[in-house]
Every structure is written in structure tokens, then in C-alpha cells.
Amino acid sequence: MTWSLRTRGLDLDRPRLIGIVNVTPDSFSDGGRFASTSAAIDHGRSLVEEGADLVDVGGESTRPGARPVPAEEEIGRVVPVVEALAGDGIVVSVDTSKPEVALAAVQVGAEVINDVSGFRHPGMRRVAAETGAGLVVMHMQGTPADMQDDPAYADVVEDVAAYLAAQADLLESEGVAASRIVVDPGIGFGKKLNHNLALLAGLDTVGGGRPVVLGASRKSFLKTLLGVDDPADRDRASAVVVALGVARGVRLFRVHDVEASLEAARLSWAIVREER
């Protein structure tokens, strides 16, 4: 299986890691440590040196309760970082829900558009079709500002799977090749603890046959389960979730701690191959 990106393909014949670069002053996971352009570029390079296959650059926090950032400000945060990393030959994804930000990032070298809103905006779908970028279609109930107010589902796995399938089908109907689309169940985005656990248990079905991205790194459900307040102290638990994902067929993982996640992925992958 190959994920078609803007100018290349990424083989999903083994687990792949997407390193996270938050160019924001209010990130839940790293407290704005990489908010400056130079710090973000250095961090992206370090993630690749540690084993990340691509890096995901975002300029707007999507933590619960977060408020939108103006497009011009978001462009100013992410475009210099994307351009520098892409100039190094690194495969770069831009994490945004704004068409103008997505387009600006692709124009300086981004290969992937990662939209937490699942390409609901018609302008995002136009950019997706016109640029030929690889796409991450994520599920989120509501918006970051209100997604955790009171999320509810009839059956969370079935509901999320149906939404992801519908959005992927919509993108295809508007000119996006199926090979460019991967889906993300959106752990922590409009979900309570039981919803997150059910989605993790249903990872082998939620994608409906499409490649799945799992982004559970440092999420608050780990704090709820384990009582770990500092997000950075959740990396061991995050690595466990990576291992579970590999066992359930996931091949793409969005992570903060690349080294620990890579070890977990390699070990789980070795077991999966032996089982086969």
C-alpha cells in the first residue's frame, strides 16, 4: 500500500512516524517550546534524525477550548518552517483547517495537508484537489472551542467510521484520488474517555479499508487513566498505544517522542510479521 503525496509516494509496508512540530505559544503538549521559527526548524530536523518519516507543522493550537488564529498569523508561523524543512528534503505536512494556509504551505513545499476538521470547508477541498497533496482526513465532533463540552455518539466507532468514509467519498467526488487519502479517528477531539478507548479497540475497522493515522500522543485520556499531569511524562504510555495500533493494522502514527515510539513500533511490527 502506498500513500500518494504531492510529488512522491510513501510506502506503508511498515509503520511510519509523523513527528509533531507545534509553532504555537499555547500548545498543550510542549508549552510553546518551539514557537519561534528557528526553534521549530531545529526541532523538525531533530525529529527526522530520530527516525520520523515526515513532520507535521501546525501554527494553531487545537487543544480543547482553543480559539482560532487569524490566517495571516498562522501563515507567518508555519510557512517559514515548512519552507526550511522542505528545502532540506524533509517530507512536510501542514496541520491546518484554513484553505489559504494550506495553499501557502504547499506552495513552499508541503507534501501533505492534515485537516482536523476533516475537509468540511469547500475551500479546503478545492485546495486538496488542485494541489494534489496527500491528505489526512480527521474526525472531530464540533470545534476545538466546544468539542469537549458534551460529546455524544450512538456508537462511536460506527459514527466515526461513517463520517470518515463520507468525507473521503466527498473528496473523491471533487477530484481527489483515493490513493491520496488517509483517515484519522481523532482521538481526543470531541470524545470522552470511553469514546477514545472504544476507538482504540476498533482501530482495525474504523478506517473502512483506508490507511489510518493514529494521533494519541500525550493526549489527556492518558492523564485520566494514569494520573500523569505533565504531557511530556505520558510518552511511555503513548508508545504503548503505538504498539497497540501496529497490532491493529495502523501504519501511520503522529507522535511527539519519536525515539520511544519507534522502538514500540519496531517491536510490535516484528511480532505482527511473525504472526503472519
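The values are calculated or read from the model by the stated rules, or taken from the named source; none is laboratory data. On a predicted model such as this, the values are computed, not experimentally measured, just so you know. Note: ideal-geometry Cβ built from the backbone for every residue, glycine included; neighbour counts use all protein chains shown. Heads up: the accessible areas ignore ligands, DNA and RNA and are worked out on the full protein's heavy atoms, side chains in. Shrake-Rupley method; radii C 1.70, N 1.55, O 1.52, S 1.80 Å.
Structure notes:
- Contacts under 7 angstrom Cβ, first residue in the range 33-45 being of a type in the set (S, T, N, Q), partner surrounded by 14 or more Cβ atoms within 10 Å (Cβ to Cβ), 6 or more apart: THR37/PRO80; THR37/VAL81
- Count of the range 202-257 residues which are without any contact (Cβ under 8 Å) to a residue 12 or more places away in the chain and of a type outside the set (Gly, Ala, Ser): 6
- Matching residues in the range 144-154 - criterion: being open to solvent by less than 60 Å² (accessible area, probe 1.4 Å) and either within 16 Å of the chain's Cα centre (by Cα) or more than 16 Å from GLY188 (Cβ to Cβ) (or both): PRO144
- Checked against (1) within 25 Å of ALA154 (Cα to Cα); (2) open to solvent by 30 Å² or more (accessible area, probe 1.4 Å), ARG236 passes all but condition (1).
- Where a residue in the range 181-192 is under 28 Å from SER4 (Cβ atoms) and outside any strand (DSSP E or B) and its partner, wherever it lies, is among the polar types (S, T, N, Q) and open to solvent by less than 10 Å² (accessible area, probe 1.4 Å), with Cβ under 6 Å and at least six apart: ILE187/ASN196
- Filtered residues of the range 69-83 (kept if touching a residue at least 24 places away in the same chain (Cβ under 8 Å) and among the charged types (D, E, K, R)): GLU74, ARG77, GLU83
- Pairs, first at pLDDT below 95 in the range 51-68, second of a type in the set (Phe, Trp, Tyr) and surrounded by fewer than 24 Cβ atoms within 10 Å (Cβ to Cβ), C-beta under 6 Å, six or more apart: ARG63/PHE28
- Any hit, the range 34-43, residues being outside any helix (DSSP H, G or I) and not aromatic (Phe, Trp, Tyr): yes
- Against the test of being within 17 Å of LEU103 (Cβ to Cβ) and open to solvent by 30 Å² or more (accessible area, probe 1.4 Å), the options ARG63, ARG6, ARG67, ARG14 yield a single qualifying residue, ARG6.
- Hey, MET140 buried (at least 23 other Cβ atoms within 10 Å of the Cβ), at pLDDT below 95 and not hydroxyl-bearing (Ser, Thr, Tyr) or not: yes
- Test for VAL213: is it assigned to a loop (DSSP other than H, G, I, E, B) and under 14 Å from VAL241 (Cβ atoms): no
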